[in-house]
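Step one of this worksheet: look at the structure below.
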Amino acid sequence: MLVLLCMNLWGKNPHAAVISQPLIHTSNQNFILKPFEKCLDHVALEAETFNSYFYLWDIYTQFLFDKTKTFLPICLLQPNNKKSLEQGISPSQWVTVDHRNTAYVSAARMYLGFDDTYEVFIHELAHFAGFLDEYPMRVAAAKYQCQIKRYAPNVIFESQLLGQSNHPYQQLFQIQLLSTSGTLRKDIEAFIFPGCQYLASTPRQYLLHPNQFNFLRFFDVAMIPYWYQYLWQQQVLTGRTAKLSTKIYIH
């Protein structure tokens, strides 16, 4: 019964049958994942108790052996107490277990609860690279997240898409979302960004990937579309990630 219910829910995905134009092919030589020799971002895992140590050690080992994340030039530092971490490699970002048991990111710091899974950790890790959630955000969060100056890798404003813009991935969005005549693709509704819909007035924004089943729409889902892998890698390789020395992104 549960299997049939899941199949029915999957079949009712409002965007599942509306993609009429092809997506960018992953063999496009202008946008391919690049090999790298070393980690550029180092993420500290702060463990001040036995429970937090064992919890973060599980996160650490899962990431270490996760072959689906080898596209990321990111290394996790072994869990340790704050004093020991500060004496080692200078970390780019910091992760700690929060007693409120709520997962969130503020600038270059991530807070996890003991109930948060590895998939939740990966979802939050993407926020360090500026990715926005692809579900409707609360007004308080949306007021900051939906600012046009943010240049989130997975979201572009319509004005940035159709006009002059400093958005780092404008070309990729234009290839994906515009027809050969330069107009919006016929099935553009499938790419509308829903994150800011609770704000009173926000210019239309679009996603690079259809708003479907992925790790940014559902924080406990493991699926990362190829183009989000590409964007994530580019954000790290080009230094467009939150650092402890700055406060670029707040989620």
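The values are calculated or read from the model by the stated rules, or taken from the named source; none is laboratory data. Worth saying up front: this structure is predicted, and the values here are computed from it rather than measured. We place every Cβ from the backbone using ideal geometry, glycine too, and count neighbours over all the protein chains shown.
Residues are listed down the side, and each one gets a yes or a no for (1) surrounded by fewer than 16 Cβ atoms within 10 Å (Cβ to Cβ); (2) in a helix (DSSP H, G or I); (3) on the phi > 0 side of the Ramachandran plot:
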site: L45; (1), (2), (3): no, no, no
site: E48; (1), (2), (3): yes, no, no
site: S52; (1), (2), (3): no, yes, no
site: I59; (1), (2), (3): no, yes, no
site: L72; (1), (2), (3): no, no, no
site: C75; (1), (2), (3): no, no, no
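Using beta carbons and a limit of 7 Å, which pairs, at least six apart or on different chains, have the first residue in the stretch 33-44 and closer than 25 Å to N80 by Cβ and modelled with pLDDT under 90 and the second one surrounded by 15 or more Cβ atoms within 10 Å (Cβ to Cβ) and not aromatic (F, W, Y)?
none
Do we have any residue at all in the stretch 197-214 that's part of a helix (DSSP H, G or I) and either under 23 Å from I122 (Cα atoms) or under 15 Å from the mean Cα position of the chain (by Cα) (or both)?
No, the stretch 197-214 contains no residue that is part of a helix (DSSP H, G or I) and either under 23 Å from I122 (Cα atoms) or under 15 Å from the mean Cα position of the chain (by Cα) (or both).
Looking at the structure I just gave you, is K82 exposed (fewer than 14 other Cβ atoms within 10 Å of the Cβ), of a type in the set (D, E, K, R) and in contact (Cβ under 8 Å) with a residue 12 or more places away in the chain?
Taking the combined requirement at face value, the residue satisfies it.
Residues that are in a helix (DSSP H, G or I) and at pLDDT below 95: does the stretch 86-103 have at least one?
Within the stretch 86-103, one or more residues are in a helix (DSSP H, G or I) and at pLDDT below 95.
Quick one: what pairs do we get from the stretch 210-224, first residue over 19 Å from D66 (Cβ atoms), second in a loop (DSSP other than H, G, I, E, B) and modelled with pLDDT under 90, C-beta under 7 Å, 6+ apart or different chains?
Sorted first by the residue in the stretch 210-224, then by its partner, the pairs are P210/H15; P210/I19; N211/H15; Q212/N13; Q212/H15; F213/V221; R217/N211.
Given (1) touching a Leu at 6+ places or on another chain (Cβ under 6 Å); (2) of a type in the set (A, V, I, L, M, F, W, C); (3) surrounded by fewer than 21 Cβ atoms within 10 Å (Cβ to Cβ), identify the lone condition not met by I175.
Unmet for I175, out of (1) touching a Leu at 6+ places or on another chain (Cβ under 6 Å); (2) of a type in the set (A, V, I, L, M, F, W, C); (3) surrounded by fewer than 21 Cβ atoms within 10 Å (Cβ to Cβ): (1).
So V221 fits all but one of (1) out of contact with any Asp or Glu (no Cβ under 6 Å at 6 or more places or on another chain); (2) not assigned by TED's automatic domain parsing to the domain that holds D66; what number is the exception?
(2)
Hey, among Y144, Y135, Y151, which residue is in contact with a His (Cβ under 9 Å, 6 or more places away or on another chain) and exposed (fewer than 15 other Cβ atoms within 10 Å of the Cβ)?
Just a single option satisfies the conditions, and that option is Y144.
Please verify whether A126 is touching a Leu at 6+ places or on another chain (Cβ under 8 Å), modelled with pLDDT of 95 or more and not in a loop (DSSP other than H, G, I, E, B), treating the condition exactly as stated.
Details: touching a Leu at 6+ places or on another chain (Cβ under 8 Å): yes; modelled with pLDDT of 95 or more: yes; not in a loop (DSSP other than H, G, I, E, B): yes.
Spelling it out, A126 is indeed touching a Leu at 6+ places or on another chain (Cβ under 8 Å), modelled with pLDDT of 95 or more and not in a loop (DSSP other than H, G, I, E, B).
All but one of (1) of a type in the set (A, V, I, L, M); (2) touching a His at 6+ places or on another chain (Cβ under 6 Å); (3) farther than 30 Å from A200 by Cα hold for I156; which doesn't?
Tallying (1) of a type in the set (A, V, I, L, M); (2) touching a His at 6+ places or on another chain (Cβ under 6 Å); (3) farther than 30 Å from A200 by Cα, I156 fails exactly one: (3).
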